[in-house]
Amino acid sequence: MGNGNPVIIGYDAISALGIDLEQQWQDALAGKSGIGPLSRFPLKNDFPVKISGQCPDIPDKYKKYPFLTARHQASWSSPIFKYGMLCVARALECSGIEITAELAPRVAVTYSSAVGGLDAVLHADRRLQKENKLPPPYANPNSCINMVGGKIAIQTGAQGPIVTPVTACATGLTSMITGAMFLEQGRADVAICGAVDFALVEPIVAGFYTMNGVYIPKDGQDNEAPETASRPFSINRRGFVISEGAGAVILATPEFARQNGLAFNIELAGWGMTSDAHHFVAPYFKTVKQCMENAIHDAGISASDIAAINGHAASTRVGDKVEYDAITALFGKSTPPVSANKSLIGHPMGASSVIESIFSFQGMRDGILPPTINYLPDPEIEIDCVANTKRALDQEFVLKNSFGFGGCNSCAVFKRIT
């Protein structure tokens with residue numbers, strides 16, 4: 001990138017660890033898991049998935065926002081809207097920006113979702129089949145993936161470029177990279193980025209089971225505690241835990257931030273994107289490694305400058321091994337510590353990479369890495385994953401990895417500005 005790298009002026013996240021970001025961060029540092037019993041829909045006795053990472057209900061104190069009124073939620077029933085819009089509202093408050101009529105045409109929106117509001121169209125279909133009632137008028141708009149970005153534009157008044165990048169589980173980071181592109185091209189001064197996903201919908205959850213991706217307990221170990229199920233890089237990893245979440249990051253050009261007296265201490269220093277062109281779900285060593293290399297090169301630094309890596313680390317047998325192989329091929333014997341936040345929050349689909357990026361921002365701010373919990377060493381993955389206990393570490397440069405179905409890879413280098 002260059003000297004005009006986009007800076008982060010505000011951010012917010014909601015995850016299975018909670019609604020309040022600072023409390024989530026403290027819980028993460030304490031090694032607390034957000035995983036528990038699945039209760040988003042009634043479970044039949046033979047339903048194969050029993051656990052998940054569910055977001056708490058939004059407290060009444062936030063009902064001041066118009067998009068959290070009962071009337072608004074009656075139309076916009078998919079939770080992606082209220083959770084995504086709340087994250088954006090709080091991130092903007094954190095940034096100190098007021099989107100005036102003058103600024104509005106210079107504010108881009110790249111906020112997205114990988115799964116979208118499929119719950120709304122599923123509900124409409126079941127009602128149609130069971131009761132022969134036509135879908136509510138908002139059923140289709142709820143299910144349009146681009147609608148979450150559209151609603152955020154309406155909410156904020158942003159009138160600049162708007163696009164909905166979808167790269168499966170890499171969506172949140174891809175949204176940030178896309179926002180950075182608009183800023184670097186001079187098409188916007190501010191970009192509202194991030195992603196939200198609430199994929200705990202019965203056929204989606206069951207579908208992940210049948211494709212052998214989601215956590216499946218070993219025979220005879222069905223009573224394992226839910227909080228022990230997400231085990232990135234661990235020898236006993238058995239698939240990812242499906243979770244919910246939302247994250248929002250406000251990017252700005254450094255010139256805009258300085259001119260408007262906006263505080264910032266982290267920049268998006270470089271990024272890389274590659275396509276595996278290999279397999280519809282299994283990651284590919286060559287292009288995963290290339291994506292990381294591209295991000296580091298774009299930041300104008302060497303691999304030795306990276307203090308820590310925030311891994312994709314979904315807890316799958318193949319995915320974790322490929323990420324490890326790519327990291328060690330790139331960094332050699334000087335591999336930095338790798339945090340695996342999904343051990344704490346599970347896998348919130350397209351929102352995962354933006355929530356994990358935000359945890360990286362918190363760690364860079366505080367000089368600390370949260371632990372990777374539930375870790376048991378795998379002799380095929382000799383990695384320093386900050387196992388089970390937080391660690392103090394000064395971090396000027398952090399590499400964030402994110403890989404999605406379809407071979408969609410996004411990596412970014414964040415720099416702490418002192």
**Complete:** Only one of Asp325, Asp366, Asp384 is in contact with a Pro (Cβ under 8 Å, 6 or more places away or on another chain), of a type outside the set (S, T, N, Q) and surrounded by fewer than 18 Cβ atoms within 10 Å (Cβ to Cβ), namely Asp384
**Request:** Being part of a loop (DSSP other than H, G, I, E, B) and touching a strand residue (DSSP E or B) at 6+ places or on another chain (Cβ under 6 Å) is the filter here, so list the residues in region 391-416 that pass it.
**Result:** Leu393, Gln395, Glu396, Gly407
**Prompt:** Identify, please: which residue in region 109-131 is over 19 Å from Ser353 (Cβ atoms) and small (Gly, Ala, Ser) and is, among those, surrounded by the fewest Cβ atoms within 10 Å (Cβ to Cβ)?
**Reply:** Ala124
**Message:** Just checking, does region 280-292 include any residue being of a type in the set (Ser, Thr, Tyr), in contact (Cβ under 8 Å) with a residue 40 or more places away in the chain and under 27 Å from Thr253 (Cβ atoms)?
**Reply:** no
**Prompt:** When you go through Ser39, Ser52, Ser33 one by one, which is the residue that is of a type outside the set (Asp, Glu), over 30 Å from Ile99 (Cβ atoms) and assigned to a strand (DSSP E or B)?
**Reply:** Ser52
**Message:** Taking the conditions exactly as written (out of contact with any helix residue (DSSP H, G or I) (no Cβ under 7 Å at 6 or more places or on another chain), more than 21 Å from Ser113 (Cβ to Cβ) and buried (at least 20 other Cβ atoms within 10 Å of the Cβ)), does Tyr215 satisfy them or not?
**Reply:** yes
**Request:** For residues that are more than 18 Å from the chain's Cα centre (by Cα) and outside any loop (DSSP other than H, G, I, E, B), tally how many sit in region 93-115.
**Result:** 8
**Asked** Quick check, is Ala412 touching a residue at least 40 places away in the same chain (Cβ under 8 Å) and within 15 Å of Ser15 (Cα to Cα)?
**Response** no
**Message:** Under 6 Å between Cβ atoms, which residue pairs at least 6 apart in sequence (or on different chains) link something in region 131-152 that is in contact (Cβ under 8 Å) with a residue 12 or more places away in the chain with a partner that is exposed (fewer than 15 other Cβ atoms within 10 Å of the Cβ) and not charged (D, E, K, R)?
**Reply:** Tyr138/Ser75
**Message:** Looking at region 354-384 only, could you name the residues that are among the hydrophobic types (A, V, I, L, M, F, W, C) and outside any strand (DSSP E or B)?
**Reply:** Val354, Ile355, Ile358, Phe359, Phe361, Met364, Ile373, Leu376, Ile383
**Asked** Any residue in region 163-171 that is farther than 21 Å from Phe81 by Cβ, surrounded by fewer than 19 Cβ atoms within 10 Å (Cβ to Cβ) and touching a residue at least 40 places away in the same chain (Cβ under 8 Å)?
**Response** no
**Fill in**
Exactly one of Ala282, Ala314, Ala299, Ala277 is under 30 Å from Asn388 (Cβ atoms) and at pLDDT 95 or above, and that residue is Ala314
**Prompt:** Hey, among Gly404, Gly350, Gly319, which residue is in contact with an Asp or Glu (Cβ under 8 Å, 6 or more places away or on another chain), in contact (Cβ under 8 Å) with a residue 60 or more places away in the chain and over 21 Å from Glu22 (Cβ atoms)?
**Reply:** Gly350
**Request:** Identify all residues within region 251-280 that are closer than 24 Å to Ser402 by Cβ and outside any loop (DSSP other than H, G, I, E, B); write none if there are none.
**Result:** Leu251, Ala252, Ile266, Glu267, Leu268, Ala269, Gly270, Trp271, Gly272, Met273, Thr274, Ser275
**Fill in**
Among helices (runs of 4 or more DSSP H) entirely inside region 116-221, those with 1 or more residues being in contact with a Gly (Cβ under 9 Å, 6 or more places away or on another chain), outside the structural domain of Gly311 (by TED's automatic domain parsing) and under 25 Å from Ile99 (Cα atoms) are 147-156, 171-184
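The values are calculated or read from the model by the stated rules, or taken from the named source; none is laboratory data. Predicted model only: the values in this text are computed from it and were never measured. Neighbour counts run over all protein chains shown; Cβ positions are idealised from the backbone, glycine included.
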